[in-house]
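Here's the structure, in structure tokens; my notes come after.
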Amino acid sequence: MQYEVFLPLTKHGVNAASFAKLFPEFKSDLLRLFLCVHFPFLNFIDQSAIYFFKFEDDLANVGVKVNHNHYSLNCKHLVIMKSADLCIKKLNLIRHPEGGWYREIYRSYDVIPAAGLPSGFNGERSFYTAIYYLLEGKDFSAFHRIKSDEIWHYYTGTSAVEILMLENGQVRNYTLGNDFENNQEPLFAVPKNTWFAARIKNAKGFALMGCTVSPGFHFDDFELAGENLIQEYPEIGEEIVSLIRK
């Protein structure tokens, strides 16, 4: 998982001795600096976390000078990154059967009685549920479907997410992300009972998302696709086989 913040900079000195004292694991790798509480412009960020500094190659006048006492950074912008591993740890995410990482963060106290639900539900359901969901690298959300509508929200990351949905026997591709200039959307709705899957567009990246389900999610309403989906749609088997858990 990655969190990006663009900050205007000119020159800033970072005292290596302070880093070493505050963070015994401090290393001299210029692209991997630990967050220091002495950065006044970073006070709004969680100071217990480890952040990674990455310099954009296309920025003018990027340079780093080192001596025994400090680092001097000379660049126009600085990108502060979190790793997927850090977010998994900080958000207490666990593995999901379809792939990826998740944690339920809210389940409404009010419920819809079974008699008030469409056919197919085997009992009462919460009004709605919400989870964190994270994908990274070559991991993917395998083809599955649920009995409720599901809304995916893009929060942050180093890659957009490709959502593949079966519509009228064809695979339709949609992009979830926050790069509005490239027509990415930060929210995507998946209709109930629809087969769909998701994967990272950049195989070296990650994405932190949220999923809201209404009526609320229950694993009794969750169906993970198998070879049966390929048998049902043999004409698109080659497109979907790599996104099926075996």
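The numbers here are math on the coordinates, done by the rules we state, and not lab data. As the structure is a computational prediction, the values presented were derived from the model and not from experiment. Here Cβ is always computed from backbone atoms with ideal geometry, including for glycine, and neighbour counts include all displayed protein chains.
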- About its Cα centre, what dipole magnitude does region 86-243 give when the only charges are +1 on Lys and Arg Cβ and -1 on Asp and Glu Cβ, stated in debye to the nearest 20? 600 debye
- Query: If r is the Cβ-Cβ distance from GLU181 to ASN92 and R0 is 35 Å, what FRET efficiency results, to the nearest 0.05?
  - Reply: 0.55
- Message: Suppose R0 equals 22 Å. What FRET efficiency, 1/(1 + (r/R0)^6) with r the Cβ-Cβ distance, do ILE236 and LYS192 give to the nearest 0.05?
- Response: 0.55
- Between rounded, prolate and oblate, where does region 86-243 land on the alpha carbon gyration tensor, with a ≥ b ≥ c its root eigenvalues, rounded for a/c under 1.5, else prolate if a/b exceeds b/c? oblate
- Message: Can you give me the distance in nm between label points at ASN173 and ASN202, each placed 7 Å from the Cα along the Cα-to-Cβ direction?
- Response: 1.8 nm
- Item | Packing-based order for 163-171, 140-148, 231-239, using average beta carbon neighbours within 10 Å, highest first | 140-148, 163-171, 231-239
- Top positive-direction residue, dipole computed over region 86-243 with Cβ charges, set GLY210, GLY226, GLY120: GLY210
- Honestly region 156-230 on the Cα gyration tensor test (a ≥ b ≥ c root eigenvalues; a/c under 1.5 rounded, otherwise a/b vs b/c for prolate or oblate) is just prolate
- Note on the structure: For the pair GLU162 and GLU223, the simple spin-label estimate (label points 7 Å beyond Cα toward Cβ) gives in nm 2.6 nm
